[in-house]
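Structure, as structure tokens:
The values are calculated or read from the model by the stated rules, or taken from the named source; none is laboratory data. If you're wondering where the values come from, they're calculated on a predicted model, not measured in any experiment. Every residue, glycine among them, receives a Cβ derived from its backbone with ideal geometry; neighbour counts consider all protein chains shown. Note: accessible area is taken over every heavy atom of the protein model, side chains too, but ligands, DNA and RNA are not part of it. Shrake-Rupley method; radii C 1.70, N 1.55, O 1.52, S 1.80 Å.
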Protein chains: 2
Amino acid sequence: MTPEEFRAAGHELVDWIADYRTQIPRLPVQARVGPGEVAGKLPGRAPEEAEPFRRVLADLEDIVVPGVTQIQHPRYFGWFPSNATLSSALGDLATSGLGALGITWQSAPALTEVEEVMVEWLRELTALPESWKGVIQDTASSACLVALLAAREHATDYSEARGGLQGESAPLTVYTTEHAHSSIAKAVALAGYGRDNLRFAGVDPVTYAMRPEALAAMLEADVAAGRRPAAVVVNVGTTGTTAVDPLAEIVPLARRYGMWVHVDAAMAGSALLLPEMRWLVDGVEGADSLSWNPHKWLGTVLDCSLLYVADPGHLIRVMSTNPSYLRSAVDGEVTQYKDWGIPLGRRFRALKLWFHLRLDGVEAIRARLRRDLDNARWLAAQVSSAPGWRVLAPVNLQTVVLRHEPPGAASGTGAVLDADALNAHTLSWVDSVNASGAALVTPSVLDGIWSVRVSIGAEPTGREDVEALWSLLREAAERAP
Amino acid sequence: MTPEEFRAAGHELVDWIADYRTQIPRLPVQARVGPGEVAGKLPGRAPEEAEPFRRVLADLEDIVVPGVTQIQHPRYFGWFPSNATLSSALGDLATSGLGALGITWQSAPALTEVEEVMVEWLRELTALPESWKGVIQDTASSACLVALLAAREHATDYSEARGGLQGESAPLTVYTTEHAHSSIAKAVALAGYGRDNLRFAGVDPVTYAMRPEALAAMLEADVAAGRRPAAVVVNVGTTGTTAVDPLAEIVPLARRYGMWVHVDAAMAGSALLLPEMRWLVDGVEGADSLSWNPHKWLGTVLDCSLLYVADPGHLIRVMSTNPSYLRSAVDGEVTQYKDWGIPLGRRFRALKLWFHLRLDGVEAIRARLRRDLDNARWLAAQVSSAPGWRVLAPVNLQTVVLRHEPPGAASGTGAVLDADALNAHTLSWVDSVNASGAALVTPSVLDGIWSVRVSIGAEPTGREDVEALWSLLREAAERAP
């Protein structure tokens, strides 16, 4: 495609996107296609000849749009916010247009240095320790894996440079809670610790936050049994209930055992832009690493996750490679981000952060985050005061976990039959809400029983959308068997 | 940013990109900024108030463009082609515009199914085994790590579900050659094998390809010494010289020892679109996994790497997680790509492949790849027949490794002083070429002596650009001390 063909098609696509975003409120939130339906509409082979742009655009409209759940819909309250702000989309388009290649500082100095400045802007905005350095990763899953690899090498004095974990005698263990994101268990498995060595410390039954006493007891018993505590993953805003583990109380315990402290604030990190929310990470100056995702609530289009570390020298030693064809005269003076993560080749992701923060401005972003927190508190208040409804966990952030418990169903009694009836009731009314297309919420298991997560924070979601949701939930639940 | 603001700014940015791409030939290829120069031009803090789009665009032009090496320049012959075709850039813009979220099939059925169809289109185009299934990863570094994790779990009967590598007694070993990409050693280290357990089989001194006899001898000795061969990484087109390990001869050896065979065809994979180049992967039907990067020579904008596996069930067992909030009624019927790699959240990367293949057409892509192969052969012929010049490795693909060896310098004698003088000469003339801005080539160490890699394959590079490069190289080398 020539630049002039791009110019013509690009204008069409920009208009299409502007129109699409305007029309999203009229689309069903949840995709209504069945398995194989999208694939069945595509030809089995790539075209030999170039196709006209209008045909591709028509397929985008007719096949792709109905085939995705509308995450940018004002009534999307599903999994978690994954805002794709149009300001950041422009930054990402600039990235593609530039076509820069991030393999070393030399290959694209601006790619590295804009990234350094962006992670510093966001460090300052979130009041993380001044000495910390950051890097953009694709997702918190990768960032957590990198952190647990760093922890592994910290605990084994760089076993990777010798015989690897295979040379280790006493098993290294990793600690978190059962409410940790699934990527933690995955990272433990992939990093070679083994799932048997992932230990869940007990949580408070009301807040679902890690109990430091439970962690302390577990550590003591594990060390007595010959295990070697290597890392603790502290959850700041769990996926299920936005529970907040008490970092300030966990850090001293971790220090006593020489453990790495990784803070997983994937969703909650955005809230750190608000001074009143910084209690979430009280004690963070004692942690070793923290990751959070601007591609969630903040709204920098996927994929954009931040990993901060207190000691970049250690991370670099764990991740570095230095083949001759990548050496340059400035190696000692510059940051080589290839040594801060798994991929060598890196996209110029910092541009989307740069465009996002500059074109939207921090003040407006903070106002939006506060709007969402207010909306969550408002919804929680409605639910709490409505007969037959319960809020099941503290509303620390923008997520409300709730359940409709009609007369005759279990009300926390734990009776098995009642729990089954309650599960059937919950899944029935949630399905009817989601199938209606009018809103999307996510069913989730809490304490063994299905509950409903309402995750507020889509960019266009206003109070009127949350009010409409609350009406929908009541209608659906009160009508359901 | 509202849709209407996006419409206005988007049109400006599209025009800017079209103009920029048109003007690239007039820019110096290599960025001329020094360490800290770009960062020094950016403010220390994010702006509180939104800035006008024109100011951001002006900074893109004035700060970022001079701060990146122009990978899309017709006279870019550096590291490797990393083409960012404008057709694929449109696809990626559509991705940002849609703002879909790939966490499960359910969250965006089209994201999963278009990806399934695209990896199948490319499987068919590259004639990989019909039963293989693929997935898009960010880079070959990640794909190789995933492959070596799969290999580790294959060798240990899923040790990750128990005590991990820590529970293993005899060390697992991984085989490749010293010409393998640095990401292989990194993956071995990160997967916990330990660098001591990465074994380099000897290569042919002329082709730099693995010698199967050397691998066989090493395997025999290692097993006798109590090691457990787990995987072999077969290099199809090494970064240094595009050497091609003899896959068909390696597979039976690997089978004998129950090893995983991973094929790293990161750069060379694009060539498999050409039937006449399929000899590169003769024997591939006996491999377990293969990765290659459409974001290199093919030109699907970063990041877009393909990983194919013969046994998806095994990969899924190694990588899977299944938290309640991601469960759905269709789990058994659909592909859940979260279980095919490290990240949970996935960008809709398949759209850029879809746009790229449809808007450019496969016929034109094949013609471009053939053009580059022809250009490389032409350059190699010029170099070979010019006095004082040598081609140092077989030109299997689009890369020519060469050296100017003036009278008085070492001519393969290996005398230390002569090698030093030759190194100084080479680095001097290469630096002068690169500093001129007229072209970019990459110095690289081969057999302990600096050589020069000319990697042909930027999208706009025609024969006239290769001719101009050859003039530049001769002028620079013949003028250099």
Practice item. Return the total of residues in the stretch A:338-390 being touching a strand residue (DSSP E or B) at 6+ places or on another chain (Cβ under 6 Å), part of a helix (DSSP H, G or I) and closer than 25 Å to A:ASN83 by Cβ. Key: 4
Review point. What are the pairs, 6+ residues apart or on separate chains, where a residue within the stretch B:172-188 that is facing chain A (nearest Cβ under 9 Å) has its Cβ under 8 Å from a residue that is open to solvent by 10 Å² or more (accessible area, probe 1.4 Å) and basic (Lys, Arg)?
Key: B:LEU172/B:ARG227; B:LEU172/B:ARG228; B:ALA185/B:ARG195; B:VAL188/B:ARG195
Point to revise | Where a residue in the stretch A:9-21 is more than 25 Å from A:THR461 (Cα to Cα) and its partner, wherever it lies, is open to solvent by 30 Å² or more (accessible area, probe 1.4 Å) and at pLDDT 95 or above, with Cβ under 8 Å and at least six apart | key: A:ALA9/A:MET1; A:HIS11/B:HIS11; A:GLU12/A:ARG54
Check your understanding: In the stretch A:331-358, how many are open to solvent by 30 Å² or more (accessible area, probe 1.4 Å) and more than 9 Å from every other protein chain (Cβ to nearest Cβ)?
Key -> 2
Exercise for review: Take the stretch A:359-397 and flag every residue that is among the acidic types (Asp, Glu) and loosely packed, with under 14 Cβ neighbours inside 10 Å.
Suggested key: A:GLU363
Check your understanding: How many of the residues in the stretch B:41-58 are surrounded by 15 or more Cβ atoms within 10 Å (Cβ to Cβ) and in a loop (DSSP other than H, G, I, E, B)?
Key -> 5
Check your understanding: Listed residues A:GLU115, A:GLU61, A:GLU120; which is assigned to a helix (DSSP H, G or I), surrounded by 22 or more Cβ atoms within 10 Å (Cβ to Cβ) and among the charged types (D, E, K, R)?
Key -> A:GLU115
Exercise for review: For the stretch B:43-57, state whether one or more residues are among the small types (Gly, Ala, Ser), more than 8 Å from chain A (Cβ to nearest Cβ) and out of contact with any Phe, Trp or Tyr (no Cβ under 8 Å at 6 or more places or on another chain).
Suggested key: no
Check your understanding: Here are some conditions: (1) under 23 Å from the mean Cα position of the chain (by Cα); (2) of a type outside the set (Gly, Ala, Ser); (3) under 29 Å from A:THR126 (Cβ atoms). A:ASN434 meets all but one. Which one does it not meet?
Key -> (3)
Review point. Which one of B:GLY388, B:GLY313, B:GLY361 is touching a Pro at 6+ places or on another chain (Cβ under 7 Å) and away from chain A (no Cβ under 12 Å)?
Key: B:GLY388
Check your understanding: Can you name the residue in the stretch B:83-142 that is more than 7 Å from every other protein chain (Cβ to nearest Cβ) and without any contact (Cβ under 8 Å) to a residue 24 or more places away in the chain and, of all such residues, is farthest from the chain's Cα centre (by Cα)?
Key -> B:GLU130
Practice item. For B:GLU178, state whether it is surrounded by fewer than 23 Cβ atoms within 10 Å (Cβ to Cβ), among the acidic types (Asp, Glu) and under 20 Å from the mean Cα position of the chain (by Cα). Key: yes
Review point. Just checking, how many residues over the stretch A:129-159 are open to solvent by less than 10 Å² (accessible area, probe 1.4 Å) and among the charged types (D, E, K, R)?
Key: 2
Review point. Would a scan of the stretch B:73-80 turn up a residue that is within 7 Å of chain A (Cβ to nearest Cβ), surrounded by 19 or more Cβ atoms within 10 Å (Cβ to Cβ) and modelled with pLDDT of 95 or more?
Key: yes
Practice item. Please find, among A:THR126, A:THR95, the residue that is modelled with pLDDT of 95 or more and either open to solvent by 10 Å² or more (accessible area, probe 1.4 Å) or touching a strand residue (DSSP E or B) at 6+ places or on another chain (Cβ under 9 Å) (or both). Key: A:THR126
Review point. Which of (1) buried (at least 24 other Cβ atoms within 10 Å of the Cβ); (2) assigned to a helix (DSSP H, G or I) is the odd one out, the single condition B:THR104 does not satisfy?
Key: (2)
Check your understanding: Inside the stretch B:222-330, counting only strands (runs of 3 or more DSSP E) that do not spill past its ends, which hold 1 or more residues that are of a type in the set (Lys, Arg), touching a residue at least 12 places away in the same chain (Cβ under 8 Å) and buried (at least 18 other Cβ atoms within 10 Å of the Cβ)?
Key -> B:228-235
Check your understanding: So B:VAL38 clears everything in (1) more than 8 Å from chain A (Cβ to nearest Cβ); (2) within 19 Å of A:GLU120 (Cα to Cα); (3) buried (at least 21 other Cβ atoms within 10 Å of the Cβ) except one condition, right? Which one?
Key -> (1)
Review point. Being in contact with a strand residue (DSSP E or B) (Cβ under 9 Å, 6 or more places away or on another chain) and among the β-branched types (Val, Ile, Thr), is that true of even one residue in the stretch B:210-225?
Key: yes
Check your understanding: Which number in (1) in a strand (DSSP E or B); (2) within 30 Å of A:VAL301 (Cβ to Cβ) marks the one condition that A:GLY457 misses?
Key -> (1)
Point to revise | Extreme residue, nearest to the chain's Cα centre (by Cα), among residues of the stretch B:1-29 that are of a type in the set (S, T, N, Q) and within 8 Å of another protein chain (Cβ to nearest Cβ) | key: B:THR22
Study note, to complete from the structure: Exactly one of A:GLY167, A:GLY194, A:GLY202 is without any contact (Cβ under 8 Å) to a residue 60 or more places away in the chain, out of contact with any strand residue (DSSP E or B) (no Cβ under 6 Å at 6 or more places or on another chain) and open to solvent by less than 10 Å² (accessible area, probe 1.4 Å), and that residue is A:GLY194
